[in-house]
Amino acid sequence: MTLTQLNILKTLIETGSFTKTAETLFITQSAVSHSIASLEDELEIQLIKNNKKGIALTEAGEKIYALAKDVMSRVYRSREEISALKNMQAGKLSVGCFQSVSAKILPGVLKRFKQKYPGIEISWFEGTDLEVADWLSKGAVDIGFVVLPAEGLEIIPLLEDKFLAVFPEKHKFCGRKNIGVKQLSGEQFITFKGSSCGMLVSFNLARDLPETKMIEARNINTVAEMVKNGMGVAIIPELAIPSNIRGICSVPLFPIIKREIALAFRSGENISLSAKAFIELTKKHTAGSNADITAIAQG
């Protein structure tokens, strides 16, 4: 039983004529007859019969006709949906992101994406970069922002984000052009918890300042507020520093410590057209951001 056979049977019943069916489908009348006969042979039962009013369905024919109408309706609807997707008129996309991306990059990307593709429904989920990588590997999100390295994922590099030392605004190191990690000896540190960013900072502190005392916080705003209130200092990626918190200062590290941010999806996965469009738009949005993180954060 093929789509062609079902379509011919459906059209035959609706036109009531072998000749009209052939004309409607641009095939020969013999092709119509052969298709119906082949379907009956395959099912080993009569589907149509002739009477004084023309063509009529047998009881079995009624069931197959109902099936044909349902199947062809689904086929036509699927073709329309695929056409809409090709033209980016409809679709869904789920995106995973971590806090600094959702605050500084995602708003600008979403604004441009919705302007260009208003029919695409986007949902996003925020966690740490490690959680985003896990969501991607499990297929919980279609595409996500990650910090490299990210094993087992297809990667589209976006930008590099340098780490800065962050102090209360009246700290003695505010105003310096740069500072080395070892110069921070004796300071109380506040670090991230549960992210690759926090792991990188902790690694550098453990290597250069093995006696360092550390307090862990999960939320970047919490870290910044604790620094502001004199509870310690922090090493934070530039993109992650909250723009709405006053009372802190930042100083570039020397030598430079940085993280690489990328978009990612599961290896071997044939991503959707909407995901491809999101990737291209995000690449354009972040182009040149390595030179000016502030500009990219402002859209």
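Which members of region 50-92 meet the condition of being of a type in the set (Asp, Glu) and under 30 Å from Ile122 (Cα atoms)?
Looking only at region 50-92, we keep the residues that are of a type in the set (Asp, Glu), and these are 59, 62, 70, 80-81.
Passing the criteria: Glu80, Glu81.
Would you check which residues across region 1-23 are without any contact (Cβ under 8 Å) to a residue 60 or more places away in the chain, surrounded by fewer than 16 Cβ atoms within 10 Å (Cβ to Cβ), of a type outside the set (Asp, Glu) and closer than 21 Å to Leu67 by Cβ and list them?
Across region 1-23, the qualifying residues are Met1, Thr2, Thr4, Gly16.
Can you pull out the strands (runs of 3 or more DSSP E) entirely within region 166-285 that have at least 1 residues that are touching a Phe, Trp or Tyr at 6+ places or on another chain (Cβ under 8 Å), among the β-branched types (Val, Ile, Thr) and surrounded by fewer than 18 Cβ atoms within 10 Å (Cβ to Cβ)?
Working: elements: 188-192, 213-217, 234-237, 248-252, 258-266.
Strands (runs of 3 or more DSSP E) meeting the threshold: 213-217.
Quick check: anything in region 87-100 of a type in the set (A, V, I, L, M), at pLDDT 90 or above and under 28 Å from Lys284 (Cβ atoms)? Don't jump to the end; show me each part of the working.
So the first thing to find is which residues in region 87-100 are of a type in the set (A, V, I, L, M), and the list is 88, 90, 93, 95.
Cutting the leftovers down to at pLDDT 90 or above gives us 93, 95.
When the remaining residues are screened for being under 28 Å from Lys284 (Cβ atoms), the result is 93, 95.
Taking every residue of region 87-100 in turn, at least one turns out to be of a type in the set (A, V, I, L, M), at pLDDT 90 or above and under 28 Å from Lys284 (Cβ atoms).
Hey, among Ile235, Ile215, Ile220, which residue is in contact (Cβ under 8 Å) with a residue 40 or more places away in the chain, hydrophobic (A, V, I, L, M, F, W, C) and either in contact with a strand residue (DSSP E or B) (Cβ under 6 Å, 6 or more places away or on another chain) or under 13 Å from Lys182 (Cα atoms) (or both)? Step through it out loud before you land on a result.
Values: Ile215 fails: in contact (Cβ under 8 Å) with a residue 40 or more places away in the chain; Ile220 fails: either in contact with a strand residue (DSSP E or B) (Cβ under 6 Å, 6 or more places away or on another chain) or under 13 Å from Lys182 (Cα atoms) (or both).
Matching residue, one of Ile235, Ile215, Ile220: Ile235.
Could you check region 224-282 and list, in sequence order, the residues that are hydroxyl-bearing (Ser, Thr, Tyr) and not assigned by TED's automatic domain parsing to the domain that holds Ile190? Write out each step before concluding.
Keep residues of region 224-282 that are hydroxyl-bearing (Ser, Thr, Tyr), which gives 243, 250, 267, 272, 274, 282.
The answer is Ser267, Ser272, Ser274, Thr282.
The values are calculated or read from the model by the stated rules, or taken from the named source; none is laboratory data. Not measured: the values here are computed from a predicted model. Every residue, glycine as well, gets a Cβ built from its backbone with ideal geometry; the counts of neighbours run over all protein chains shown.
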